[in-house]
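The block underneath contains the structure these notes are about, expressed in structure tokens.
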Amino acid sequence: MRFQRSIFWLRRDLRLEDNVALSAATRFSKEVVLVFVFDTNILDRLKDKNDRRMTAIHNSLLELDQKVRKKGSALVLLHGDPKKEILGFAKRIKASAVFVNRDYEPYAKKRDKAVRTACNKLGIAFHDYKDQVIFEGNELLTQSGAAYKVFTPYKNKWLMELNACLYQDHRSKLKRLAPLKQLDREIVDWSLKKLGFDYADLCLKVGESAAKKQLKFFLPDLPDYDKNRNYPVVPNGTSRLSVHLRYGTLSIRSLVRFALANPSLGAKTWLSELIWRDFYQMILDQFPHVVKGCFKEKYDAIKWPGTQKHFMLWCQGMTGFPIIDAAMRCFNKTGWMHNRLRMIVASFLTKDLLVDWRKGEGWFARNLLDFDLAANNGGWQWCASTGCDAQPYFRIFNPITQSEKFDPEGSFIKNFLPELKNFSKKQIHWPHVANQETQEKVDCILGKDYPKPIVIHSEQRIKFLNLFKSF
DNA sequence: TGAAATGTTGGGGCG
DNA sequence: ACGCCCCAACATTTC
């Protein structure tokens, strides 16, 4: 046994199953203490005391705590600066090692580097593992040894290299979790109130057991994923597992195994989306400048002419474009948005309202329950055509055509814009052509009950093309 | 993981 | 019967 007592520090891997660092910690240590730190560097910057993410993390941790209590242990919660907290705690309980799964966000990398250095100064080992991706940033390289910048060759390489590592045993010896009686002094209050946050309503269940349930629930629809994934109102059209990937209540390996174990065109398409996730994690790791700037740096020179007023109307879902407004109101209400809608609203903000993609990215970052820096940044830059392997700048969504294509019955729109519920399925995508008589008949006066369009798509399209043309 | 503009074809109405 | 126009419908190119 290498270590008498170790800390397993949970971050975005809130599960006991198939957890690489936890498995290692319990194999190499006689006794393991599970610790989560509410990081004040992050919490202090959350603007909303009702932040759904806090409830999601809290609930996931609570379930985890209940599970380990059945094993006679408990989860320790700390609150403060992670470096200070982890070091202080390690000293108090005389831990000789800290185990973590690696995180590739710039802040996390910096944090872990500092904790590692501090640990090593005290003679405490710091062991980190690959867990949240299949391949890390520097694992898949082109023939010339550079990081991939194009998705398709990356994906081919990814599929080629995908090997037995997927099937390694990452079970943990949970018998080795530290007994509760030794932890008593360290168990802190579980209420969010004490951290200065309120409980928020979540549109879905979080936690490890809910994650497994959701995956099982999606299984029958996996074969049709390729056909259904673009239609927001098709039940189970998408897996809705993004939240679980974000908090690590499911392992990425288990999802890849799930796709491979149930082969079909749908599963293949779905797997490809998981590869996009690895791709963007890799991009963030290898090209951290994307956090602040365009992946294609020449586009940093662009002066986005969009106004704050238009941005606000977009945020509120008051643009007069039904599909946009329905999507944004759904988002504001639930903290979740269907991927097709994310693309449509992102295209609209950047290419119709000419607002800097970073504004939209920030709004998503604040409100997405499944917010992940790598995926969110990658997705926004893809839509704005500033990103790595992004769509070409002249590919501009027509919000009305997209609405007709992907919400043909208008039922998604009606779910979130009840004021439009009496419009026909032909007219609901663009109600503004309705005459006075029709408006009275459907009980929706445009400009009063529902806003008039704030821009003209065909005009904005030309403006956007001109904006990008010179680069 | 588009859409608009432009080009081509072919059928039908009509003088 | 024939040429002409109109305009879907489809194809290609351009952004």
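Read-outs throughout are calculated quantities, based only on the coordinates presented, and are distinct from any laboratory measurement. As the structure is a computational prediction, the values presented were derived from the model and not from experiment. Virtual Cβ from ideal backbone geometry, glycine too; neighbours counted across all protein chains shown.
Each of A:R395 and A:L219 was given a label point 7 Å from its Cα along the Cα-to-Cβ line. The distance between the two points is 3.5 nm. Go ahead and collect, in residue order, the members of the range A:81-96 whose backbone nitrogen is under 19 Å from a label point 7 Å along the Cα-Cβ direction of A:K30. Answer for this model: A:90-96. Phi angles of the range A:213-230 translate, via the Karplus equation with coefficients 6.51, -1.76, 1.60 and θ = phi - 60°, into HN-Hα couplings of 5, 5, 5, 5, 5, 7, 3, x, 9, 4, x, 9, 3, 4, 8, 9, 5, 8 Hz per residue; Gly and Pro are given as x. Between A:A146 and A:T269, full extension at 0.36 nm per residue minus the direct alpha carbon distance yields a gain of 41.6 nm. Tell me the Kirkwood hydrodynamic radius of the range A:1-76 in angstroms, computed as one over the mean inverse distance between distinct C-alpha pairs. Answer for the range A:1-76: a Kirkwood hydrodynamic radius of 13.6 Å. The Rg/Rh ratio for the range A:100-166 is 1.09, where Rg is the radius of gyration of the alpha carbons and Rh is the Kirkwood radius. Backbone geometry of the range A:302-313 corresponds, through the Karplus equation with coefficients 6.51, -1.76 and 1.60 at θ = phi - 60°, to 3J(HN,Hα) couplings of 5, 9, 6, x, x, 9, 4, 4, 5, 4, 4, 5 Hz, x marking Gly and Pro. Under 16 Å between alpha carbons, and skipping anything fewer than 8 positions from A:K49 in its own chain: which aspartates and glutamates qualify? The reachable aspartates and glutamates, counting only those whose Cα sits under 16 Å from A:K49, are A:D39, A:D198, A:D201. What is the ratio of the Cα radius of gyration of the range A:297-469 to 2.2 N^0.38 Å, where N is its residue count, to two decimals? Its radius of gyration relative to the 2.2 N^0.38 Å reference: 1.02.
Annotation: average projected area of the range A:177-302 is 13.0 square nanometres, based on the convex hull of Cα atoms across all directions. Put the Cα centre of the range A:137-183 next to the Cα centre of the range A:386-404 and the gap is 32 Å. Between A:V76 and A:L34, A:V35, A:F36, the built amide H atoms are under 5 Å apart, and every one of these is 5 or more places off in sequence or on another chain.
For A:L14, the amide hydrogen comes within under 5 Å of the amide hydrogens of A:G248, A:T249, counting only partners 5 or more places away or on other chains and with H modelled in the peptide plane. Remark: the range A:67-197 is approximated by an ellipsoid whose semi-axes, taken from the C-alpha gyration tensor as √(5λ), come to 35, 19, 16 Å, largest first. Between A:H432 and A:L62, the modelled label-to-label distance comes to 4.6 nm, taking each label 7 Å out from Cα in the direction of the beta carbon.
Using the Karplus relation 6.51 cos²θ - 1.76 cosθ + 1.60 with θ = phi - 60°, the per-residue 3J(HN,Hα) values for the range A:144-154 come to 8, x, 9, 5, 5, 10, 10, 5, 4, x, 4 Hz, with x marking Gly and Pro.
Panel values: chain A, Kirkwood radius from alpha carbon pairs, Stokes-Einstein at 20 °C and 1.002 mPa s, translational diffusion coefficient 89 µm²/s. Between amide H atoms placed 1.01 Å from N, distances below 5 Å from A:V98 occur with A:I7, A:A125, A:F126, A:H127, all of them 5 or more places distant or on a separate chain.
Using alpha carbons only, the radius of gyration of the range A:312-414 set against its Kirkwood radius gives Rg/Rh = 0.93. In chain A, the longest principal axis of the Cα atoms and the axis of helix A:52-70 are about 30 degrees apart. Applying a DSSP loop filter and a limit of 12 other Cβ atoms within 10 Å to the trypsin sites (Lys or Arg not before Pro) in the range A:61-130 leaves A:K94. A full extension of the chain between A:E440 and A:A301 corresponds to an added length of 45.2 nm, given 0.36 nm per residue minus the alpha carbon distance. Of the trypsin sites (Lys or Arg not before Pro) found in the range A:297-357, those that fall in a DSSP loop while having at most 13 other beta-carbon atoms within 10 Å are A:K303.
A crude spin-label estimate for the pair A:E136 and A:D201, with each label 7 Å from Cα along the Cβ direction, gives 4.3 nm. Rounded if a/c is under 1.5, else prolate if a/b beats b/c, else oblate: with a ≥ b ≥ c from the C-alpha gyration tensor eigenvalues square-rooted, which is the range A:1-131? Oblate, since a/c reaches 1.5 and b/c is not below a/b. Enumerate the residues in the range A:7-49 having an amide nitrogen under 15 Å from the point lying 7 Å beyond the Cα of A:K175 toward its Cβ. Counting only backbone N, you get A:26-32.
The chymotrypsin sites (Phe, Trp or Tyr not before Pro) of the range A:166-235 that DSSP puts in a loop, and whose beta carbon has at most 15 other beta carbons within 10 Å, are A:W190, A:Y199.
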